[in-house]
Amino acid sequence: MTQTLERAAPPGPVRAVLLVVESYLIWYRRNWRASAVSSAAQPLLFLLAMGFGFGSQVEPGAATGGLRYVVYLAPALLVATTANRATLEAAYPVLTGFKTQSKYQPVAATPVTPAQIALGLLAWTALRLTLFGLVYLAVAAALGVLTGPAVLLALVAAVLTGMVFAAFVVALTATLKSDWPFNALIRFVLLPMALFAGVFFPVDVLPAWLRPVVWATPMWHGTELARGWTFGGLDLWPVLGHLTYLAALSAAGTWLCCRFFRRRLAT
């Protein structure tokens, strides 16, 4: 990564971010096979287990909009699995980049600033999540659970949601010296969101006191967008509300990323 950046010194702000992305692309072109199998296996296993396995016991009805459960589940599961992938991408690899590989420090010694490194990392993460989502849709299409091209909008919702998780987890990781908080993050934040944020069943069946907590989660907003865009029936104002909420969270997380990268790489 350092060699790529040194050739372009001193870059402008946009060019600097693109150079960081380019360095990841060069790495990925050489190592993509390591993640190709998991990118396809994860959605396949989830759809088979939850959609065709558990879902075979769920009759189409009002809760599923009259759809087969696996069809009802598919766009929301895209959001949940993308958020999970975003969290993992923003956790262990980033901490390794700070501690074991020390790959960010040499780049920060070039004209590329720590904030530009953070922005390049987030841009690369968005590309990875988009690729992961496309693989998910290909697997879902092969299983015959997609209802039409509108499902591509569900991919937009999934990437937007995933970037909220990515931004905040990258910001958190930039403050850590060890990986012990990651297990707690997955068990007590990510997993409960996936279980209660409307991915597997409607939020209306939850106790009234719990629903406002669910409505505050980015995964619920992403799930509502994905299902609304895929199956229709979502009005303009709810769409704008969901998009604004996700964009605001993503912007806040991005600001924290830049701030903590400056602090970490300045020491």
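A few comments on the model shown:
- Test: residue in region 96-104 that is assigned to a helix (DSSP H, G or I), hydrophobic (A, V, I, L, M, F, W, C) and within 23 Å of A123 (Cα to Cα): yes
- Note on region 170-184: residues that are surrounded by fewer than 17 Cβ atoms within 10 Å (Cβ to Cβ) and not in a loop (DSSP other than H, G, I, E, B) amount to 4.
- Filter pass, T125 being out of contact with any Leu (no Cβ under 9 Å at 6 or more places or on another chain), within 17 Å of T254 (Cα to Cα) and either not in a helix (DSSP H, G or I) or not charged (D, E, K, R) (or both): yes
- Single residue of region 102-144 satisfying the filter (within 16 Å of P10 (Cα to Cα) and of a type in the set (A, V, I, L, M)) that is nearest to the chain's Cα centre (by Cα): I117
- For region 203-218, the criterion of being assigned to a helix (DSSP H, G or I) and touching a Pro at 6+ places or on another chain (Cβ under 8 Å) is satisfied by no residue at all.
- Yes/no for Q57 being surrounded by fewer than 18 Cβ atoms within 10 Å (Cβ to Cβ), under 30 Å from P11 (Cα atoms) and out of contact with any Pro (no Cβ under 8 Å at 6 or more places or on another chain): no
- Test for R227: is it in contact with a helix residue (DSSP H, G or I) (Cβ under 9 Å, 6 or more places away or on another chain) and either under 21 Å from F54 (Cβ atoms) or among the aromatic types (F, W, Y) (or both): yes
- Applying the set (1) modelled with pLDDT of 95 or more; (2) more than 12 Å from G222 (Cα to Cα) to L146 leaves exactly one unmet item: (1).
The values are calculated or read from the model by the stated rules, or taken from the named source; none is laboratory data. These numbers were taken from a predicted model, which means no experiment stands behind them. Ideal geometry is used to build each Cβ from the backbone, glycine not excepted, and the neighbour counts take in all protein chains shown.
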